[in-house]
Structures are given as C-alpha cells and as structure tokens.
Amino acid sequence: MKDTHKHKGMRNNLAEIVATKGVTDKKVLEAIKTIPRHLFLDSGFEDHAYQDKAFPIGADQTISQPYTVAFQSELLEVKPNAKILEIGTGSGYQTAILLHLRAKVYTIERQLELFKTTRLFFNKMHYRPKKMIFGDGYKGLPEEAPFDGIIVTAGAPEVPRPLLSQLKVGGRLVIPVGVDEQIMTLFERKSEKEFEKKEFGSFRFVPLLEDKN
C-alpha cells in the first residue's frame, strides 16, 4: 500500500471534518493531515480509513475514530519533547499522531498479537517511540515516571491510581471513564496532593482490562 495524492486529499478532508466538530489545535489538525491512517488498517479496508469512525483491527480492538484521537491529543496539550505515556498502543495510530507532535512516547499494549504486529509496523514505517512495552497499562510505567502527559485509549471503569501518581505537577491525564459508555475526563495535577478534574461529554471505547495479559 502506498500513500498517494488521493490519500492526502482524503486526509485534508478528514481534518476539515474533525475541525468542524470543534478541534482547533493547528498542530493536531496538521498531524491528522499528515499521518497515513490507511496504512494502519488491512489493505481491504482502505476505503474506511478516512471516514470519521472507529474500525475493528483484530484482537477485539479498534482503531479509534479520528475525531476522538484528535480530541484526546488536543486535551493533552503536547509540547515538543514532552514525555507522554500511552496506555493501549492498539494499531499505533494515536502513537504516530503523538510522535508527529514531537512527543517522547512510551506506549503499553496488553494484547500480544497486537503488540507484535504494531511493533513490526513501527519498524517498517520508522516510527520511533522511546519504548514499546507489552504489559498491563493499569500499572502505568513507574520506572519512567513522572510524565508530562498520560493518554488512555480504552474505557476505564475507574481511574487507575498509579496513573495519577505518575504525573508531573502540571501534567495532564486524559482518560475515558465509565463502563458501557465513557465520559472523556481530564485530570491536571496542580500539586503533590491536588488534581483538577474536568469532563468533556461521552464517548465509546473498548474496555481497559486489568491483569489480563
């Protein structure tokens, strides 16, 4: 599969759709225009790549809706060289967006099949996260903490405590919280003990599972 002018045109169109839904961060929209989402799907599903919807990718997981990826990325407020922890590598599309925003990305995936496929794909595409880890995202990555930002790409029934504790003061955790449907939630660490919480409407994600590797 190649990345053609036609694909680029479809991406520009997709970025416009995402913008009409309220995403205003120019760098995030630029990332949506740049990252070839069709390469993250099986070639038979290429037609679906630039529609603003989630799509199954195997192992009961999905590639998130582009709007959702853009919205979470915007909430994260990624600065160049920011240290970002991603819980749920999945297809790697969100990872690639974060890398385009010049973040240093540490990403964890708990589905072995997906972990292996995505790691090979990253190598082929020359996407270079700082670390790609097979493991339980609930625990975060204490040995690399603290992080400027943490992004969770699966629905969490509650907020995993270790993730809050691994944020820098001033750091942001973006996490969809809920069971059947999730409320997109932002926690900003104001001090050692204090977090500010904001909620941003409902979304649907596959569940974040604890201790299931």
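The values are calculated or read from the model by the stated rules, or taken from the named source; none is laboratory data. Note that the structure is predicted; figures quoted are calculated from it, not measured. Positions of Cβ are backbone-derived with ideal geometry, glycine not excepted, and every protein chain shown enters the neighbour counts. We work out accessible area using only protein heavy atoms, side chains counted, and drop any ligands, DNA or RNA first. Shrake-Rupley method; radii C 1.70, N 1.55, O 1.52, S 1.80 Å.
Restricting attention to segment 96-126, the residues that are surrounded by 19 or more Cβ atoms within 10 Å (Cβ to Cβ) and not basic (Lys, Arg) add up to 17. Pairing residues of segment 13-25 that are of a type in the set (D, E, K, R) with residues that are in a helix (DSSP H, G or I), at Cβ distances under 7 Å and at least 6 apart in sequence or on separate chains, gives Lys21/Tyr67; Asp25/Glu74. Anything in segment 163-185 that is surrounded by fewer than 18 Cβ atoms within 10 Å (Cβ to Cβ), modelled with pLDDT of 95 or more and touching a Lys or Arg at 6+ places or on another chain (Cβ under 6 Å)? List them, or say none. Hit for segment 163-185 is Val169, nothing else.
Taking the criterion of being hydrophobic (A, V, I, L, M, F, W, C) and over 18 Å from Gly201 (Cα atoms), the residues of segment 152-187 that qualify are Leu163, Leu164, Leu167, Val169. If you scan segment 1-32, which residues turn out to be assigned to a helix (DSSP H, G or I), open to solvent by 80 Å² or more (accessible area, probe 1.4 Å), under 23 Å from Phe122 (Cβ atoms) and not acidic (Asp, Glu)? Lys8, Lys27, listed by residue number.
May I ask you to list the residues in segment 133-154 that are more than 12 Å from Leu167 (Cα to Cα) and either in contact (Cβ under 8 Å) with a residue 12 or more places away in the chain or in contact with a Lys or Arg (Cβ under 8 Å, 6 or more places away or on another chain) (or both)? Result: Ile133, Phe134, Gly135, Asp136, Gly137, Tyr138, Lys139, Val152, Thr153, Ala154.
For segment 134-143, residues that are outside any loop (DSSP other than H, G, I, E, B) and crowded, with 17+ Cβ neighbours inside 10 Å total 2. Of all residues assigned to segment 145-159, none qualifies as being modelled with pLDDT of 95 or more, out of contact with any Leu (no Cβ under 8 Å at 6 or more places or on another chain) and more than 12 Å from Leu85 (Cβ to Cβ). Among the residues of segment 56-88, those identified as in contact (Cβ under 8 Å) with a residue 60 or more places away in the chain, in contact with a helix residue (DSSP H, G or I) (Cβ under 8 Å, 6 or more places away or on another chain) and not hydrophobic (A, V, I, L, M, F, W, C) are Gln61, Ser64, Gln72, Ser73, Lys83, Glu86, Gly88. The set of residues in segment 45-58 being open to solvent by less than 70 Å² (accessible area, probe 1.4 Å) and either among the polar types (S, T, N, Q) or on the phi < 0 side of the Ramachandran plot (or both) consists of Glu46, His48, Ala49, Tyr50, Asp52, Ala54, Phe55, Ile57.
Among residues that are hydroxyl-bearing (Ser, Thr, Tyr), closer than 22 Å to Thr185 by Cβ, open to solvent by 50 Å² or more (accessible area, probe 1.4 Å) and modelled with pLDDT under 95, Thr62 is included. Evaluating Lys53 against the criteria (1) in contact with a helix residue (DSSP H, G or I) (Cβ under 7 Å, 6 or more places away or on another chain); (2) free of Cβ contacts under 8 Å to residues at least 40 places away in the same chain leaves one unmet condition, (1). Considering segment 35-84, the residues that are of a type in the set (Ser, Thr, Tyr) and not in a loop (DSSP other than H, G, I, E, B) include one that is farthest from the chain's Cα centre (by Cα), namely Ser43.
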